[in-house]
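Comments concern the structure below.
The values are calculated or read from the model by the stated rules, or taken from the named source; none is laboratory data. Worth saying up front: this structure is predicted, and the values here are computed from it rather than measured. Neighbour counts are summed over all protein chains in view; Cβ atoms, including those assigned to glycine, are modelled from backbone coordinates with ideal geometry. To get the accessible areas, we keep the full protein, side chains included, count just its heavy atoms, and leave off ligands, DNA and RNA. Shrake-Rupley method; radii C 1.70, N 1.55, O 1.52, S 1.80 Å.
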Amino acid sequence: MTQENLGKPRDIGIKRVIKATGYSIQGLKAAFKHEVAVRQEFALLIAAIILTTWLDVSMLERITLLAVVVLVLIVELMNSAVEAVVDRVGVEHHELSGRAKDIGSAAVLVALIFAGFTWLYIVGSHYWW
C-alpha cells in the first residue's frame with residue numbers, strides 16, 4: 001500500500017467503476033482539447049464510420065476497418081499521455097525524454113501504417129483487384 005493510500009477508504013464495486021469512468025471521460029476531454037492529433041484521428045474515425053456504411057464489405061471486414069482506426073486513436077492517446085508526463089518532468093532537452101517521445105511517435109506511425117495497409121487490402125480486394 002502506498003503512502004497516500006494509508007488511512008483512506010478505497011472505493012470498491014460499482015462506486016469504483018463510476019469514478020473510473022469519470023476519470024476516463026476527463027482524459028478523453030483533455031486529450032480532445034489539448035491534442036490536435038487526437039482531434040484529427042477522431043475526425044478520421046468519424047469519416048471511417050461513415051465510409052464503412054457505404055462500402056459493400058462483410059460485417060467482419062467492416063468491424064476490422066473500424067477497429068484499426070480505433071487502434072490508431074488508442075495509440076495516439078497513449079502517446080499523448082507519455083508526452084504530457086515527459087513535458088511535466090521538464091522542458092530542458094534530455095536524451096531519455098526525446099527517446100520516449102520518439103518511441104511514442106513511432107508507435108503511432110506503426111498503427112497508421114497498419115490501418116492504411118488494412119484499408120488498402122480490404123477495400124482494394126473488393127473494388128480494384
Study note, to complete from the structure: Of the residues in the range 96-122, those that are of a type in the set (F, W, Y) and either within 22 Å of A30 (Cα to Cα) or surrounded by fewer than 16 Cβ atoms within 10 Å (Cβ to Cβ) (or both) come to F114, F117, Y121
Check your understanding: Does the range 67-81 contain at least one residue that is over 24 Å from S24 (Cα atoms) and touching a residue at least 24 places away in the same chain (Cβ under 8 Å)?
Key -> no
Practice item. Please verify whether the range 62-80 includes one or more residues that are of a type in the set (A, V, I, L, M), touching a Gly at 6+ places or on another chain (Cβ under 8 Å) and at pLDDT 95 or above. Key: yes
Practice item. Enumerate the pairs (first residue in the range 1-18 and open to solvent by less than 70 Å² (accessible area, probe 1.4 Å); second residue anywhere and modelled with pLDDT of 85 or more) with beta-carbon separation below 6 Å, excluding pairs fewer than 6 apart on the same chain, so at least 6 apart or on different chains. Key: D11/K19
Exercise for review: Hey, can you tell me all the residues within the range 84-95 that are open to solvent by 50 Å² or more (accessible area, probe 1.4 Å) and either charged (D, E, K, R) or at pLDDT 95 or above (or both)?
Suggested key: A84, V85, D87, R88, E92, E95
Exercise for review: Out of the residues in the range 41-61 that are in a helix (DSSP H, G or I) and charged (D, E, K, R), state the one that is surrounded by the fewest Cβ atoms within 10 Å (Cβ to Cβ).
Suggested key: E61
Exercise for review: Could you check V72 against (1) among the aliphatic types (A, V, I, L, M); (2) in a loop (DSSP other than H, G, I, E, B); (3) in contact with a helix residue (DSSP H, G or I) (Cβ under 6 Å, 6 or more places away or on another chain) and say which number it fails?
Suggested key: (2)
